[in-house]
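**Q** The structure under discussion is supplied below as structure tokens; questions concerning it will follow.
The values are calculated or read from the model by the stated rules, or taken from the named source; none is laboratory data. Computed from a predicted structure; not experimentally measured. All Cβ positions, even for glycine, are placed from backbone atoms using ideal geometry, and neighbour counts span all protein chains on display.
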Amino acid sequence: MERIRESLAERLASALDLPQDVVGDLPKTTLIGDSRVLVENHRGLIRYSPREIRIRTARGELVVTGTRLHIGSILRQELVVGGRILHIELRR
Amino acid sequence: MRLRSVWPVIGGYVIIRAKGGRLEAFINRAVAAGVHLWRLERIAPHLLVARAAAGDFPRLARAARLHGVQLRIVQKAGLPFFLARARRRHGFIVGGALCAALLYGLSQFIWFVRVEGNERLSAEEVLAVAAGAGLRPGVLRDEVRRDIVERRLHLELPQIAWTAVNVRGAVATVRVVERTGLDVDARGPGHIVSAGDGVVERVTVIRGEALVAPGDTVRQGQPLISGLLSSGSESYDDKLARGELPYVRAEGSVRGRVWYRGYGEAPLFRTIDEDTGRVHRLLTVRIGEREWTFGSPEPPFADVRWERREGAWKRPWDVGWTLHVAHEVRRLREPVAEALAREAAMAAALAQARQQMPVGATVVQEDVQVTIDKEAGVVRASATVEAVQELGRFSPVAIGQEEG
């Protein structure tokens, strides 16, 4: 049911030419240089270490790897990862 | 600085240390409960340091209990905690208040006096006169009477044409403008000569001998009151008896009528530019010192109105652009009411005539002649303004030269 609702929302957003992240809770990831990643619409932390941060999202697991990683800020909808970012991957 | 980063400092925040095996679950629980955590650092696999608003601590403690995490406050920071500490430290408060009072007290005095605008006058001379009038370092700001200082400067330093005293904080600035072309020896002998052409109306002699009488026509530069005493007069004999040359500094007033002429014209048509809607663009892009131009600099229109738009950045790179837009216009000729053109031409002619008059001249009569030149499409006006004014100006005499 959840999947159908999400799919419908995505199609509606596409038909109305709206950004996908506005409709529903699709994650939006912004990389700023190599020192900051902003993840909007996250669903919580899975694992947090200075070399790897795994974040749960509606589209799977977002894995940020790097060195001296830390969480700059975490709110219900928004999460900021700082440190030296080397790699970002979405695992389904 | 974002509000989100300022608010915790105002509202107070805590630095916490969380110890346990399920720290991610603890964070998720806390965040789900509405807690904002920031600067989370994983010190060790079982140890986490983070910051949270002081008011969120009970919710954090609840989340910690649920996940078996040991929670400890490492530090309390922000304004409420700072104030609470300050309340216990009376010396700190008293010291702060004393410091503020001292600063306030010191700011009530003038500590520096500067002189601006002086060229031939030395700053020391100006400062000495200002100090005599009560403006010197160490005086209370409220005790300085600016009008008195300004007046004293004018009286004691005749080289000053204008002065203003400005007090800003602990600094007082004396701005001076010196007279230009001032006769250095303002007491030397000389004549009163005519400053322009005119007819003498009234002659008042204070010192010297009148050379003209009411009704006389005088030319520019002509002597009006002589500083050279004529032989046989009492003062002439006195001067010679003292072994001095028979010269005085002529003083007096010679008022007379002077005529000023002015010319003005106004068109009988005016042109109005109407956009046709056709445009031609010319773009210039600049990176550092280099420039590239796109488009022809000559627009393919006969009559244009130019519009310029531009943008420039210094950071991160020194780049800029300029867009010149040439709008094609249609020039339309529209007639102007003759009465209006007449008025404008007359006003321009009178303004030009009056502009030549010195300060203090009184207008006695004005006369304007208007001619309408239909062929050239203009109204021409010539004005004559008759004024009564001071005709004389002092002209020093180099005695050695005149005698020879």
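**Q** Provide a single number: the residues in segment A:44-92 that are of a type in the set (D, E, K, R), in a strand (DSSP E or B) and either more than 9 Å from chain B (Cβ to nearest Cβ) or touching a Leu at 6+ places or on another chain (Cβ under 8 Å) (or both).
**A** The number of residues fulfilling the criteria is 9.
**Q** Based on what the data block shows, is residue B:31 within 25 Å of residue A:76 (Cβ to Cβ), touching an Asp or Glu at 6+ places or on another chain (Cβ under 7 Å), modelled with pLDDT of 90 or more and within 14 Å of another protein chain (Cβ to nearest Cβ)?
**A** It is false that residue B:31 is within 25 Å of residue A:76 (Cβ to Cβ), touching an Asp or Glu at 6+ places or on another chain (Cβ under 7 Å), modelled with pLDDT of 90 or more and within 14 Å of another protein chain (Cβ to nearest Cβ).
**Q** Can you find even one residue in segment B:274-281 that is over 30 Å from residue B:369 (Cβ atoms), at pLDDT 90 or above, more than 40 Å from the chain's Cα centre (by Cα) and not β-branched (Val, Ile, Thr)?
**A** yes
**Q** Within the group B:292, B:313, B:259, which residue is of a type outside the set (Asp, Glu) and under 30 Å from residue B:366 (Cα atoms)?
**A** B:259
**Q** In segment A:23-33, which residues are more than 14 Å from the chain's Cα centre (by Cα) and at pLDDT below 70? Even if it seems obvious, please write down each step before you answer.
**A** So the first thing to find is which residues in segment A:23-33 are more than 14 Å from the chain's Cα centre (by Cα), and the list is A:23, A:33.
Residue satisfying the conditions is A:23 alone.
**Q** Among (1) surrounded by 16 or more Cβ atoms within 10 Å (Cβ to Cβ); (2) in a loop (DSSP other than H, G, I, E, B), which single condition is residue B:200 missing?
**A** (2)
**Q** With a cut-off of at least 3 residues that are surrounded by 15 or more Cβ atoms within 10 Å (Cβ to Cβ) and aliphatic (A, V, I, L, M), name the strands (runs of 3 or more DSSP E) lying wholly within segment B:322-396.
**A** Numbers: elements: B:362-373, B:378-390, B:392-396.
Once the strands (runs of 3 or more DSSP E) in segment B:322-396 are filtered for at least 3 residues that are surrounded by 15 or more Cβ atoms within 10 Å (Cβ to Cβ) and aliphatic (A, V, I, L, M), what remains is B:362-373, B:378-390.
**Q** Sticking with this one: Give the residue, chosen from B:32, B:64, B:86, B:44, that is of a type in the set (Gly, Ala, Ser), free of Cβ contacts under 8 Å to residues at least 12 places away in the same chain and within 17 Å of residue A:44 (Cα to Cα).
**A** One residue alone meets the criteria, B:32.
**Q** Go through the residues of segment B:260-279 one by one and say whether even a single one is among the polar types (S, T, N, Q), in contact with a strand residue (DSSP E or B) (Cβ under 9 Å, 6 or more places away or on another chain) and surrounded by 15 or more Cβ atoms within 10 Å (Cβ to Cβ).
**A** Scanning segment B:260-279, I find no residue that is among the polar types (S, T, N, Q), in contact with a strand residue (DSSP E or B) (Cβ under 9 Å, 6 or more places away or on another chain) and surrounded by 15 or more Cβ atoms within 10 Å (Cβ to Cβ), so the answer is no.
**Q** Could you check residue B:122 against (1) touching a strand residue (DSSP E or B) at 6+ places or on another chain (Cβ under 8 Å); (2) under 21 Å from residue B:180 (Cα atoms) and say which number it fails?
**A** It is condition (1) that residue B:122 fails.
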